[in-house]
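Visitor: For reference, the structure I am asking about is given below.
The values are calculated or read from the model by the stated rules, or taken from the named source; none is laboratory data. Small disclaimer: the values here were computed from a predicted structure and weren't measured. Here the Cβ is made from the backbone with ideal geometry for all residues, glycine too, and neighbour counts use every protein chain on show.
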């Protein structure tokens, strides 16, 4: 019997999805932090501009594109000190057959990922 993925495993899965997207878009990784309590998850360089990317694994029924405005404002203020752009990357993850069930190890899952969005608060 398969076990549900832990919060850290869901986070790592979301990070892999976003990391691959960043890589495909030509970002150079300066720092990667997969610890749930540390932000940003990615510090990346592209065209001589620093980018801070905050990644969140979102499970049903929470909306993928919504983020904590107060937290993101703090992250943007932090990034501004480094003249960096700030992005939010929400990755919706669900069970392969029924979103209402937890995602299980070694079973199919679905992904809703619409790319990362710039924070301009």
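Visitor: When you scan the stretch 33-40, do you find a residue that is within 27 Å of residue 1 (Cα to Cα) and either in contact with a helix residue (DSSP H, G or I) (Cβ under 7 Å, 6 or more places away or on another chain) or surrounded by fewer than 16 Cβ atoms within 10 Å (Cβ to Cβ) (or both), even just one? Let's see the steps before the verdict.
Guide: Filtering the stretch 33-40 down to residues within 27 Å of residue 1 (Cα to Cα) leaves 36.
Checking the rest, the ones that are also either in contact with a helix residue (DSSP H, G or I) (Cβ under 7 Å, 6 or more places away or on another chain) or surrounded by fewer than 16 Cβ atoms within 10 Å (Cβ to Cβ) (or both) come to 36.
The answer is yes, given that some residue of the stretch 33-40 is within 27 Å of residue 1 (Cα to Cα) and either in contact with a helix residue (DSSP H, G or I) (Cβ under 7 Å, 6 or more places away or on another chain) or surrounded by fewer than 16 Cβ atoms within 10 Å (Cβ to Cβ) (or both).
Visitor: Give me a count of the residues in the stretch 77-103 that are within 28 Å of residue 43 (Cβ to Cβ) and without any contact (Cβ under 8 Å) to a residue 12 or more places away in the chain.
Guide: Number satisfying all stated conditions: 3.
Visitor: (1) loosely packed, with under 11 Cβ neighbours inside 10 Å; (2) more than 15 Å from residue 118 (Cα to Cα); (3) touching a strand residue (DSSP E or B) at 6+ places or on another chain (Cβ under 8 Å); (4) modelled with pLDDT of 95 or more: which one isn't true of residue 13, the others all being true?
Guide: Unmet for residue 13, out of (1) loosely packed, with under 11 Cβ neighbours inside 10 Å; (2) more than 15 Å from residue 118 (Cα to Cα); (3) touching a strand residue (DSSP E or B) at 6+ places or on another chain (Cβ under 8 Å); (4) modelled with pLDDT of 95 or more: (1).
Visitor: The conditions are (1) touching a residue at least 40 places away in the same chain (Cβ under 8 Å); (2) exposed (fewer than 13 other Cβ atoms within 10 Å of the Cβ); (3) more than 17 Å from residue 94 (Cβ to Cβ), and residue 53 fails exactly one of them. Which is it?
Guide: (2)
Visitor: For residue 20, all conditions in the list (1) without any contact (Cβ under 8 Å) to a residue 12 or more places away in the chain; (2) part of a strand (DSSP E or B) hold save one; what is the number of the exception?
Guide: Here residue 20 clears every test but (2).
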